[in-house]
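Reading through the structure tokens given below for one structure.
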Amino acid sequence: MATTDEKEEDMSLSARRWGVLIGSPNTTVEIEYPRLCPQDVTLHYSRMYTGSDIGSNDRFEGVVVQTMDSMPAAIDSLVTAEVDRVILGFGMPGFYVGLDREPELIESMSTRAGGVPVTIPPESCRRAFEALGVKRIAVMGSYQPLGAQRVRDYFEAAGYDVVKEAFQGHGSGTAASYMSSKELARAMFDLDGPDVDAILQLGVNMPAVEPAHAVEQVIAKPVLAVNAVTFWNALRVSGIDTRVPGAGTLFWDH
């Protein structure tokens with residue numbers, strides 16, 4: 001019979017290695033992803049350098065562009081770890097380029113990463129909506145008005161109705177990480193209404209997985225936190241059926 005040490009060694013040798021790209025101000029993805037991760041997947045992070053001042057449309061756009069410019073070097077560092085999937089733990093690049101150019105973004109990232117598959121948040125959101133059968137969505141997040149418009153354009157181009165939205169317009173890349181569970185739950189709860197099929201939280205630095213689940217229990221509708229949605233998609237397209245309690249109906253039922 002194998003010893004505990006031998007079992008751990010075998011698991012390490014057979015584990016899937018996933019590389020995760022995050023913006024340098026982000027402190028939440030590294031907390032939430034491991035809580036959703038099965039034992040036979042290991043996570044390896046690379047930070048894309050970016051400034052933290054997002055207090056206006058121009059500054060917000062500048063930070064998005066700066067992050068995308070930092071992406072190739074961050075991917076290169078993951079390649080040295082021989083990862084077999086890359087997850088973009090940052091939603092705005094996909095929304096920024098738009099639905100039409102999304103395949104180009106994913107392909108360029110995959111090519112840079114040596115051909116491994118790539119998972120990004122916007123595409124993950126669409127797959128979640130498809131799994132849940134929703135069409136009318138309410139969206140909240142941490143973006144400036146420019147970012148909110150890109151989000152609206154993306155989902156409307158994909159055939160979804162954005163019936164409500166509430167964006168915090170945070171002034172820094174770290175501000176979202178300091179929002180309390182109560183604040184996040186209230187912001188999501190307030191978006192509910194008879195014309196809403198599902199609520200989506202955007203902003204990967206918001207610690208929203210647990211508050212989203214709590215609100216979902218109250219309103220009996222899907223409430224989707226972007227970090228949970230992105231990791232769910234990475235698991236399912238990899239053929240991994242891990243079910244995570246406390247992470248929402250998407251993670252438990254689909």
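The values are calculated or read from the model by the stated rules, or taken from the named source; none is laboratory data. In this text, all values refer to a predicted model and were calculated from it rather than measured experimentally. So basically every Cβ, Gly included, is an ideal-geometry build from the backbone, and we count neighbours across all protein chains shown.
Some observations on this one:
- Of the helices (runs of 4 or more DSSP H) lying entirely inside the range 86-177, the ones with 3 or more residues being in contact (Cβ under 8 Å) with a residue 60 or more places away in the chain are found at 121-132, 145-157.
- Unmet criterion (only one of (1) assigned to a helix (DSSP H, G or I); (2) touching a residue at least 60 places away in the same chain (Cβ under 8 Å)) for ALA185: (2)
- If you check VAL204, VAL163, VAL196, VAL237 for being closer than 28 Å to VAL63 by Cβ and either modelled with pLDDT of 95 or more or surrounded by 24 or more Cβ atoms within 10 Å (Cβ to Cβ) (or both), only one passes: VAL204.
- Just one of (1) modelled with pLDDT under 95; (2) over 22 Å from GLY246 (Cβ atoms) fails for GLN39. It is (2).
- For THR242, the criteria (1) hydroxyl-bearing (Ser, Thr, Tyr); (2) buried (at least 18 other Cβ atoms within 10 Å of the Cβ); (3) part of a loop (DSSP other than H, G, I, E, B) hold in every case but one, which is (2).
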